[in-house]
Amino acid sequence: MQFDSQTHRFTDPGPFARIMLLAGIAGLALSAVGYFVDARQFFFSWLVAFTFWTTIGLGGLFITMVHHLTGATWSVVVRRIGEALMCALPWMALFAIPVLLGIGVLYEWTDPEAVAGSEMLSRKAGYLNIPFFVIRTVFYFAVWILLARLLAMKSLAQDAGWDDKRAHSLLTVSGPGMIAFALTVTFAAFDWLMSLQPLWYSTIYGLWFFGGAATSVMAMFAVTVSAIQAKGALTDVITPEHRHDIGKLMFAFLVFWGYMHLSQYLLIWYANLPEETAFYKMRWGAGWTAMSWILVAGGFVVPFILLMARGPKRGRSTLAAFAIWLLLMHWVDLYWNIMPALHEQTVILSWMDLTTMAGVGGFFLFFFWRWLTRHPLIPVTDPKLAASIRLVSG
Amino acid sequence: MGNGTEHVNPTTETAKSAPAAASNGNPSFHDVSATISGIVERRDTPLWWWIAFGISATMTLGLLVQIAWLFWTGIGIWGNNIPVGWGFPIVNFVFWVGIGHAGTLISAILFLLRQRWRTSINRFAEAMTIFAVICAGLFPAIHVGRVWAIYWMFPLPNQMEMWPNFRSALMWDVFAVGTYFTASVLFWYTGLVPDWATLRDRARGWRQKVYGILALGWRGGNRQWKHYEMAYLLLAGVATPLVLSVHSVVSTDFATSMVFGWHSTIFPPYFVAGAIFSGFGMVTTLAILARALYPPVRDFMTLDTFDKMAKILMLTGMMVGYAYIIEFFTAWYSGNEYEQYVFINRAFGPYAVSYWIMFACNVIVPQLFWSKKLRRSLPVLFIASILVNVGMWFERFVIVISLHRDFLPSSWEMFKPTAFDIGFLAGSFGLFLTLFLLFLRFVPMVAMAEVKGVLPQADPHANGHHDRGGKEGGR
């Protein structure tokens, strides 16, 4: 892997993309076999993998829009990472197809008999029905892809020569874009995940989903920065100050995510209404208790305490280690939200959980890395670039 | 003149954007001290101040008289009754606690986010926080009915072996608001110490002694600054979770119940967003007034500052709007007819007017601020900021008043506020304004040391050599 510090590009992107592509192909092939072994397991595993990588792409879109809306300076040097992540979203649309194909397996409300037999489900049929669900999923991706493409194209066009008008147009896309983002992400969470238990509902669910996406995207920033610096790229451009800021935001979003989980749990526990506690009852007792504890301790308490310090956020390897741990916990979080609909009694890990993650993730990382290495790693013409490099945050 | 006068706060917020305070010309350190201290030091209190103080102090006295009557008669003088057991007092409580949040957001979160423009309004906003929390704390205290037993809310060891019910969200309120008040006062006072020293060094005679005591022995040495800045950073870190926790706990007063329309998991973040929204509304209102009445502070509270405050109003207004939409949708999605009825009744029932006032003021009015011109127009901003607080008061009213139709139609009853309800609300505004006017008169309303710290000449690399750069950065 070679990096040219004049053009800020990799002259030789190295074997990473090839390895990821191979992992993706192998993962998809094995998962396809899995479909014939156990279709139910395949679809649920797929849903976990699909939402995991989609939320990271969505996080990239979010952080890019926040960058433009706030006019931030510090993030200029790492902005391309967010852009590369959001540019993998169109490929995630392709991976939504198995979710739509498996809709009858995944979602109880698609069964006409179950709906006819349940007063509550038939009341929801106006929203929870197959055609509307498909239309919505297509619509969400249309919005996300449109926003990602607009923002990426304009940002890349700046590399040829900075244009203040174009910079302003990034802002005008991001404003309404953020509103569209908030609503589509919320309803995507309702559709894809909350409707797995169609009688259960929680108004905070969209914010929980967003919290996971935001934490994971900062984790991806940390891992990517660490990876490219390990290859000798941008070592004097991205400094401990930038890692510190990435770490601080990762910490802040982690707390936000924990706060969403706590708000949901506390209020449902307190009111103790059977229609709501059903969600936690499924995740407590039998085989799920241990995983709930892993989520509480590993997903929040331990990283919260350790990441509070300054050192771990500034060190390249320590930050990357925490980031990888939090990505793992993001997977646990999604698994914990999705899988009880399949394995009600206990956690049954399947080899398909691994192959679908490799299949979807291999392609996601392939496209992410390809985008990142095909373009300059930093927005070379950005007038705030010099100030961003010299950041002193303390 | 001692060494306290020209305190520079050298490393606080070493960010990049041009300091808002310096955008109207470039005041020297001395100009900052002279302008801000001058407001406190002048002997001739302006006439408008006496008039405003007279009115608000009268309203405060009116409040005290009403409280006396309340204790004498009982809470029956208010409109509270079954089924609306919680009327104006809780509405006012939540309203005032919410107002406070902007101060903490500005002083703590914007500090951590390196937003240097906050230096011109943070003192002001933090003072508002403290006074708003005082007004808020009043309402639950006088609403307990048996006011002589109010100390039962505190976990005091006592002979009766009676302890507060720690599982009650109302008890959590006592702790949350108590913590919030303590932290806010400490944070505010810590920020004030260098400024008291500046006043001390400029004063003579007994004033110097008073300011000297308030300055706690501040000399402005390097070591003091080093400790001071670490303390400030840590207090900002401590105050940051309080921005979220206090109003989250307030929201649990409603959300832990099994009352439809109240029991909603989005309540904690939704209340926090609303609190920051209303608080920014109040800061904006007060800052525009202060700017009009004290022309010298115009150099500090610039249009750029207001532009940014308008953006935060728009952002938090839309967060509140998000919550309204999601709540309404989920009420339908729940399939639960009671839940659905509450929301339909809010929007189209007998109190529909308050719902639509809430919606218009909180969701539609902030949309004005898409326009840069309107964000920088003080008359528009002034009216909008007042409407925001009208809207936020009605939001709490809408939530509380939805009790008027509960599960049993036979027990439905309308809520009618009495003259005392209005009187207590007005009285709380009187108390708030009285405290605020005293603050404007006796305390430096802009954090002098912090403003100096963000002036260009405070940057050791400002003169081009070894440029850390980015004076033009930010936006």
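Values computed for the structure shown
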{"read-out": "Scan of the stretch A:1-36 for residues that are closer than 14 Å to residue A:356 by Cα, β-branched (Val, Ile, Thr) and touching a residue at least 40 places away in the same chain (Cβ under 8 Å), ordered by number", "value": "A:25"}
{"read-out": "Qualifying residue in the stretch A:116-136 (condition: touching a residue at least 40 places away in the same chain (Cβ under 8 Å), within 14 Å of chain B (Cβ to nearest Cβ), more than 30 Å from residue A:383 (Cα to Cα) and open to solvent by 50 Å² or more (accessible area, probe 1.4 Å))", "value": "yes"}
{"read-out": "Number of the condition not met by residue B:302 [criteria: (1) out of contact with any Ser or Thr (no Cβ under 6 Å at 6 or more places or on another chain); (2) farther than 30 Å from residue A:275 by Cβ]", "value": "(1)"}
{"read-out": "Search result, residues across the stretch A:250-293 that are among the small types (Gly, Ala, Ser), more than 10 Å from chain B (Cβ to nearest Cβ) and open to solvent by 20 Å² or more (accessible area, probe 1.4 Å)", "value": "A:278, A:285, A:286, A:287, A:290"}
{"read-out": "Among (1) of a type in the set (A, V, I, L, M, F, W, C); (2) within 14 Å of chain A (Cβ to nearest Cβ); (3) closer than 28 Å to residue B:409 by Cβ - the single one residue B:356 does not satisfy", "value": "(2)"}
{"read-out": "Count of residues meeting criterion [in contact with a His (Cβ under 8 Å, 6 or more places away or on another chain) and either away from chain B (no Cβ under 14 Å) or hydroxyl-bearing (Ser, Thr, Tyr) (or both)] in the stretch A:202-225", "value": "5"}
{"read-out": "Elements of type helices (runs of 4 or more DSSP H) contained in the stretch B:300-381, each with 2 or more residues being farther than 30 Å from residue B:35 by Cβ and touching a residue at least 12 places away in the same chain (Cβ under 8 Å)", "value": "B:303-334, B:337-348, B:352-359"}
{"read-out": "Enumerated helices (runs of 4 or more DSSP H) restricted to the stretch A:32-103, each holding at least 1 residues that are under 30 Å from residue B:112 (Cβ atoms)", "value": "A:39-70, A:79-86"}
{"read-out": "Members of the stretch A:104-124 found to be aromatic (Phe, Trp, Tyr) and part of a loop (DSSP other than H, G, I, E, B), listed by number", "value": "A:107"}
{"read-out": "Qualifying residue in the stretch B:158-167 (condition: in a helix (DSSP H, G or I), within 26 Å of residue B:262 (Cβ to Cβ) and within 28 Å of the chain's Cα centre (by Cα))", "value": "no"}
{"read-out": "Only listed residue being assigned to a helix (DSSP H, G or I) and touching a residue at least 40 places away in the same chain (Cβ under 8 Å), chosen from A:148, A:182, A:189", "value": "A:148"}
{"read-out": "Qualifying residues in the stretch B:241-266 (those that are under 15 Å from residue A:202 (Cβ atoms) and within 7 Å of another protein chain (Cβ to nearest Cβ)) - the one surrounded by the fewest Cβ atoms within 10 Å (Cβ to Cβ)", "value": "B:263"}
{"read-out": "Subset of the stretch B:197-227 that is in contact (Cβ under 8 Å) with a residue 60 or more places away in the chain and hydrophobic (A, V, I, L, M, F, W, C) - its residue that is nearest to residue B:97 (Cα to Cα)", "value": "B:215"}
{"read-out": "Residue A:195 vs. criteria farther than 30 Å from residue A:67 by Cβ and of a type in the set (S, T, N, Q)", "value": "yes"}
{"read-out": "Matching residues in the stretch A:254-268 - criterion: being more than 11 Å from residue B:255 (Cα to Cα) and not hydroxyl-bearing (Ser, Thr, Tyr)", "value": "A:254, A:255, A:256, A:257, A:258, A:260, A:261, A:262"}
{"read-out": "Index of the failed condition, residue B:171 passing every other in (1) free of Cβ contacts under 8 Å to residues at least 60 places away in the same chain; (2) open to solvent by less than 40 Å² (accessible area, probe 1.4 Å); (3) away from every other protein chain (no Cβ under 14 Å)", "value": "(3)"}
{"read-out": "Candidates A:179, A:238, A:246, A:228, filtered to the one that is more than 10 Å from every other protein chain (Cβ to nearest Cβ), at pLDDT 95 or above and more than 16 Å from residue A:329 (Cα to Cα)", "value": "A:246"}
{"read-out": "Inter-residue pairs, beta-carbon under 8 Å, first under 15 Å from residue A:64 (Cβ atoms) and touching a residue at least 40 places away in the same chain (Cβ under 8 Å) and in the stretch A:158-169, second part of a helix (DSSP H, G or I) and open to solvent by less than 60 Å² (accessible area, probe 1.4 Å), 6+ apart", "value": "A:158/A:167"}
{"read-out": "Residue count, the stretch B:369-404 (criterion: away from chain A (no Cβ under 14 Å), open to solvent by 40 Å² or more (accessible area, probe 1.4 Å) and of a type outside the set (Val, Ile, Thr))", "value": "7"}
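The values are calculated or read from the model by the stated rules, or taken from the named source; none is laboratory data. What you see is a predicted model; the values in this text were computed from it and never measured. Reconstructed Cβ throughout: ideal geometry from the backbone, glycine too, with neighbour counts over all protein chains shown. The accessibility values were calculated without ligands, DNA or RNA, using every heavy atom of the protein model including side chains. Shrake-Rupley method; radii C 1.70, N 1.55, O 1.52, S 1.80 Å.
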